[in-house]
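Here's the structure, in structure tokens; my notes come after.
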Amino acid sequence: MDLFLQALSQGILVGGTYALIALGMAVIFSVSGMLNFAHGDFLLIGMYLAYAVFLSLNLDPYLSVLITFPVMCLAGAGLYVFLLKRLGASHLLMAVQLTLGLSFIAQNTLLLTFGGEPIRVPSVVETDLLLVGNVIIRTPQLIAFFAALLLSAAFYATLNFTDAGRRVRAVQQQPRAAALIGINVPLVRTLTFALGIGVLAIAAVLIIPGTSMAPAHGLRWTVIALITVVLGGMTNFVGIFIGALLIGASESLATLYVSGTLGMIVPYALFIALVLFRPEGILKRT
Amino acid sequence: MLEISGLHAGYGAVSVLHGVDFTLHQGAFLGLLGANNAGKSTIINCLSGVVRPTSGHIRFEGRELTGLAPHKITDMGLIQVPEGRLIFPQMSVLDNLKLGGGTKRAIAKRSDEMERVFALFPRLSERHTQMAGTMSGGEQQMLAIGRGLMGQPKVLMLDEPSLGLSPLFSQIIFAALKKLHEDGLTILCVEQNLNLTLAYSTSGVVLERGVIAVEGSGPELRDHPITRRAYLGL
Ligand SMILES: Nc1ncnc2c1ncn2[C@@H]1O[C@H](COP(=O)(O)OP(=O)(O)O)[C@@H](O)[C@H]1O
Ligand SMILES: [Mg+2]
């Protein structure tokens, strides 16, 4: 029982970070109709940026986010303005290919710069533990979960209850009408891309303590984000958050009960089952 | 107030407008008439900056509009209520209206204007929490007009507001436009429905094969042979 609770709590805590990564992907999808297949690689760029800041300034990852967040926002804005905007909405398949290409470029650039060996970045809380009953909780995971929860809630509230959020939804639902009522559609898209990639800088420093990184990890993160977004119903932020916790928990439990490598497959099996039987996502009312 | 001269536009290799000239005067309620596919929407979309003209001039209060982005044109007070209404379907009536009043020029007057829109279309007030996409076509047209009004237009341009509506709803919409016109709003209304438009507008222009074939007052246009030809292909 203790082992079960241990795995469950760990999975749920990790799921919080998955949610944050998936929200970045969802928000980009919602205003551009485009899935970013380089999403996980951008996350890794965020992690390596934090590593570089640590090497040069000896800053803890939790502090370096003040530098990496704006840098990643700029990268997101650049991605839209210089590459994807030019393709236009009618070339979704090309956009997908383009992000796949970016994924290779990012991966190889990281490989050339930092080498392929897994790297860990030290952090103040890295080894802190908390005991709840008989369940051991790693402090960085707890921090990551609550930071992700808070950010997701802020995302949700902004999107639903502010003028800025209404503009984003307007561009998502009816871009032509959005332009006609005075919304600067390209600007909204650029800012949304900036935020969708920028949030990865935050996710990166939440993941870093206690986790190793290697350039080849990008695809795994992309796949996690992708299945979370699909599970959640593409643009339903509450659904995405719950989906992320489900994936985190199922991954963790499966690793415990089924065996390490095979267990990693279970979330994907779950995903395939859901896509077959509930392609509209877990929360969508019909 | 709005002068269009020598307007050419098209899509790729297909040219649709071959030199359109007309003027919209302050306080007018002008009907822009023509058969299906005559190029009416193309004109109104050039005015809104959604379609780029290949040549010609559009001057609004003396300022050249060609080349400006749509949101800039809207923020100058030239506001289009698009064909097919294009309301934001997964948002409430209230959110749709708020969005319409979110521009720099309009935001300070947003709550006052909302009252006026609700007075014009009480149905919107009754349904203000409803998801816009679940409303009837006529109600959606009211919402689209309300959303346009929220932007504080100097000129309101409507693209086929009666399209797909019952005769009753069409009358309600045009009666509302007439009221807005009497209150001082300048209106450009694109329509296929000749009789309805001429009954409410002060004058009209008829578009035929990409040029303005004839212009005049309602009675002049109604029986004009060119109007009949433009519509019936006679
Ligand atoms: N986005 C577009 N791409 C290509 N052709 C178009 C497009 N929009 C309209 N057209 C063509 O331009 C012509 C005029 O269309 P339009 O301005 O919509 O006419 P109307 O509004 O008078 O019915 C039509 O032949 C139509 O097929
Ligand atoms: Mg049309």
### Per-residue average of Cβ from other chains inside 10 Å of B:144-151
2
### Task
For chain A, with a Gaussian network of springs between Cα atoms less than 10 Å apart, report the residue from A:F161, A:F271, A:F69 with the top mean-square fluctuation.
A:F161
### Task
Run the dipole for segment A:2-277 about the Cα centre, Lys and Arg Cβ at +1, Asp and Glu Cβ at -1, nothing else charged, and hand back the magnitude in debye, nearest 20.
900 debye
#### Entry: Hz values of 3J(HN,Hα) by residue in segment B:75-81 - Karplus curve (6.51, -1.76, 1.60), Gly and Pro given as x
6, 8, x, 9, 10, 9, 9
### Query
For chain B, what does -39500 (n - 2.57) per DSSP helix run (n ≥ 4), summed and divided by total residues, give at 222 nm, in deg cm²/dmol to the nearest 500?
-10500 deg cm²/dmol
### Query
In whole Hz, what ³J(HN,Hα) sequence does segment A:175-190 give by Karplus (6.51, -1.76, 1.60; θ = phi - 60°), x for Gly and Pro?
x, 5, 5, 4, 4, 6, 9, x, 8, 7, 4, x, 5, 4, 5, 4
#### Entry: Distant-in-sequence amide H partners of B:V51 (H built 1.01 Å from N, under 5 Å)
B:C46
### Message
What would the Debye equation give as log₁₀ I(q)/I(0) for chain A at q = 0.15 Å⁻¹, counting only Cα atoms as equal point scatterers?
### Response
-1.19
### Summary
Under 5 Å from the placed amide H of B:L207, counting only residues 5+ away or on other chains, we find B:L33, B:G34, B:A213
### Message
Once you keep just the Cα pairs under 8 angstrom separated by 6 or more residues, what percentage relative contact order results for chain B?
### Response
27 percent
### Task
Can you bin segment A:5-81 into rounded, prolate or oblate? Criterion: square roots of the alpha carbon gyration tensor eigenvalues sorted a ≥ b ≥ c, rounded for a/c under 1.5, prolate for a/b above b/c, oblate for the rest.
oblate
#### Entry: Derived scalar couplings ³J(HN,Hα) [segment B:46-51; Karplus, 6.51 cos²θ - 1.76 cosθ + 1.60; whole Hz; x for Gly, Pro]
5, 4, 7, x, 7, 10
### Summary
For chain A, whose charge dipole is built from +1 on Lys and Arg Cβ atoms and -1 on Asp and Glu Cβ atoms, the candidate among A:L195, A:L142, A:M72 with its Cα farthest towards the positive end is A:L195
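Per-residue mean of other chain beta-carbon atoms within 10 angstrom of the beta-carbon, peptide B:86-93?
Values: counts 8, 3, 10, 2, 5, 6, 0, 0.
Across B:86-93, the average partner-chain Cβ count within 10 Å equals 4.
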### Task
Scan around B:M157 for amide H atoms under 5 Å from its own, H built in the peptide plane at 1.01 Å from N, and keep only partners 5 or more places away or cross-chain.
B:I79, B:Q80, B:V81, B:L188
### Pair A:V223, B:R59: separation of 7 Å Cα→Cβ label points (nm)
6.5 nm
### Query
Counting Lys and Arg as +1 and Asp and Glu as -1, each charge on the Cβ, what is the dipole of the protein assembly as shown about the Cα centre in debye, to the nearest 20?
400 debye
### Query
Any idea which of B:H128, B:V211, B:V155 is furthest toward the positive side of the dipole for chain B, if Lys and Arg beta-carbons carry +1 and Asp and Glu beta-carbons -1?
B:H128
### Task
Sort segment B:36-111 into rounded, prolate or oblate with this rule: let a ≥ b ≥ c be the square roots of the eigenvalues of the Cα gyration tensor; rounded if a/c is under 1.5, and if a/c is not under 1.5, prolate when a/b is larger than b/c, oblate otherwise.
oblate
### Assigned charges on the beta-carbon of Lys, Arg, Asp, Glu; segment B:35-157 dipole about Cα centre (debye)
240 debye
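Since every read-out is calculated from the coordinates, none of them should be taken as a lab result. Just so you know, these numbers come straight off a predicted model, no measurement behind them. Glycine gets a Cβ as well: all are built from the backbone with ideal geometry, and neighbour counts include every protein chain shown.
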